[in-house]
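Below is one structure; the comments refer to it alone.
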Amino acid sequence: MPRAPEIFEEMREAVEEIGPSLKKKFSGIVLFEITNTGTWTLDLKTGNGAVTTGEGSVKPDLVIKVADDDFASLYEGKSNAQQAFMKGKLKVKGNMSLAMKFNQVLTATRKQLEKTKKKKTAGAVAAAVSTSAAPKAQVVFDQLAEVLPTKGAALVAKMKGVIQWDINGEKWLLDLKNGTGSLSKGTGPADLTVTMADDVFFHVSQGKLSAQQAFMKGQIKIKGNMGMATKLGPILTAARPTARL
């Protein structure tokens with residue numbers, strides 16, 4: 001399935017947010033001809049900027065012809081325009097000085113997309129917490145369970161142990177001894193037991209409260225392997241909302 005339609009929709013959203021700043025860097029109109037897929041126009045010359053399907057009414061300053069897969073690779077930062085041009089994968093016609101700035105536009109739109117996705121994800125987590133009658137810890141552990149397949153191996157390498165979480169009497173067992181780790185509701189043999197209130201756990205996990213400060217105030221109780229206790233930071237960071245690219 002062609003990636004270009006999805007990419008240009010993402011670019012359109014980014015231009016709506018940062019069009020004026022992109023115009024300062026680029027100031028031109030680009031016609032993209034994506035082989036066997038379609039054409040799109042990126043206007044960073046008029047108004048606040050826009051991305052539209054097809055060829056615009058104003059003559060473009062630059063025409064870029066590229067295959068769908070190669071365009072996706074450029075957009076995702078896996079290759080750059082200069083390399084693609086030298087290999088004959090990217091054909092350019094028109095204002096070459098604008099062509100030299102093409103990577104800057106792709107990088108800026110990609111970064112803006114990452115920011116937007118982070119905001120949306122954080123907002124979704126906050127909404128889930130505010131509308132749910134369940135403990136906030138459940139939302140955090142759900143997030144942690146989602147990232148274990150991709151981040152679990154790194155956490156296992158750091159911890160190499162099992163943590164029993166006791167949040168307002170609710171128990172979760174986080175096994176970070178093997179593979180990518182596992183998380184389950186309930187109790188079991190553990191190397192470290194961490195006890196705290198639901199609100200404290202949520203604020204610590206989201207970076208709004210320092211674990212060290214909470215411990216010094218008696219808001220966190222720890223029993224077992226103190227060496228593991230000093231390495232809880234990466235686990236709590238992994239439970240924070242992140243963008244999925």
Matching residues in region 206-222 - criterion: being at pLDDT 90 or above and polar (S, T, N, Q): Q219
Number of the exception - V194 against (1) free of Cβ contacts under 8 Å to residues at least 40 places away in the same chain; (2) exposed (fewer than 15 other Cβ atoms within 10 Å of the Cβ): (2)
Wholly within region 181-245, helices (runs of 4 or more DSSP H) carrying at least 1 residues that are among the aromatic types (F, W, Y): 198-205, 211-216
Single condition A124 does not satisfy, out of (1) of a type outside the set (S, T, Y); (2) touching a Pro at 6+ places or on another chain (Cβ under 9 Å); (3) at pLDDT 90 or above; (4) exposed (fewer than 15 other Cβ atoms within 10 Å of the Cβ): (3)
Qualifying residues in region 56-100 (those that are among the aliphatic types (A, V, I, L, M), touching a helix residue (DSSP H, G or I) at 6+ places or on another chain (Cβ under 9 Å) and within 19 Å of E10 (Cβ to Cβ)) - the one surrounded by the fewest Cβ atoms within 10 Å (Cβ to Cβ): A72
Residues that are in contact with a Lys or Arg (Cβ under 8 Å, 6 or more places away or on another chain) and acidic (D, E), drawn from region 171-198: D198
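The values are calculated or read from the model by the stated rules, or taken from the named source; none is laboratory data. Note that the coordinates shown come from a computational prediction; the quantities given were computed from them, not determined experimentally. Here the Cβ is made from the backbone with ideal geometry for all residues, glycine too, and neighbour counts use every protein chain on show.
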